[in-house]
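Below is one structure, written out as structure tokens, with a few remarks after it.
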Amino acid sequence: MPAGSEPVPLPHTWRPFGVRMAGAVLGGGLLVVCALAWIGFDEETQARFTLFQRGTLFAFGLLAFALWFALVRSRVVAEDDRLVVVNGYRRREYEWAEVVAVHLPPGAPWVTLDLADGTTVAAMGIQGSDGPRATAQVRRLRALIAHHSADPGLG
């Protein structure tokens, strides 16, 4: 491992913190506001809502939940033999030899992985908005990549 990085026990999972907390707090707050608004309506106003209108509101609520859940699901998992990247509802698995570099430039929303075939892939499990926490996570992931590329018999 490079100097200054502590070893990471495998398997290890990185998840975004700020996005998950903001989504939970704002989503919960929106749910409370909508529930209180509905309770605040008198019976006559509540009766004016058609079944279609209620269904539309419910569908928007489900859509908002699905988007939030996609962010919550996002993660990067380092295992003994591979790196697993889950972005929303899509899961990709890479052998350690396939992952060449990890980038998180200033202002970037999330980590980008450079692959051996010349392509790049986003890894939304490490979010730039997490600040120093994200920087430390990138450092640990880089150390793991360096460790596994130095000794290919590990994976």
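Summary table below
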| quantity | calculated |
| --- | --- |
| Residue in segment 51-71 that is surrounded by 13 or more Cβ atoms within 10 Å (Cβ to Cβ), part of a loop (DSSP other than H, G, I, E, B), touching a residue at least 12 places away in the same chain (Cβ under 8 Å) and in contact with a strand residue (DSSP E or B) (Cβ under 9 Å, 6 or more places away or on another chain) present | no |
| Pair list, Cβ under 8 Å, 6 or more apart: segment 99-125 residue buried (at least 16 other Cβ atoms within 10 Å of the Cβ), other residue of a type in the set (Gly, Ala, Ser) and in a loop (DSSP other than H, G, I, E, B) | 99/116; 124/74; 124/88; 125/74 |
| For residue 31: the one exception among (1) at pLDDT below 90; (2) closer than 30 Å to residue 8 by Cα | (2) |
| Qualifying residue in segment 23-40 (condition: open to solvent by 80 Å² or more (accessible area, probe 1.4 Å), part of a helix (DSSP H, G or I), within 25 Å of residue 131 (Cα to Cα) and not acidic (Asp, Glu)) | yes |
| Matching residues in segment 88-108 - criterion: being under 15 Å from residue 15 (Cβ atoms) and modelled with pLDDT of 95 or more | 91 |
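The values are calculated or read from the model by the stated rules, or taken from the named source; none is laboratory data. Everything numeric in this text was worked out from a predicted model, so none of it was measured. Reconstructed Cβ throughout: ideal geometry from the backbone, glycine too, with neighbour counts over all protein chains shown. The area values use the complete protein model at the heavy-atom level, side chains included, leaving out ligands, DNA and RNA. Shrake-Rupley method; radii C 1.70, N 1.55, O 1.52, S 1.80 Å.
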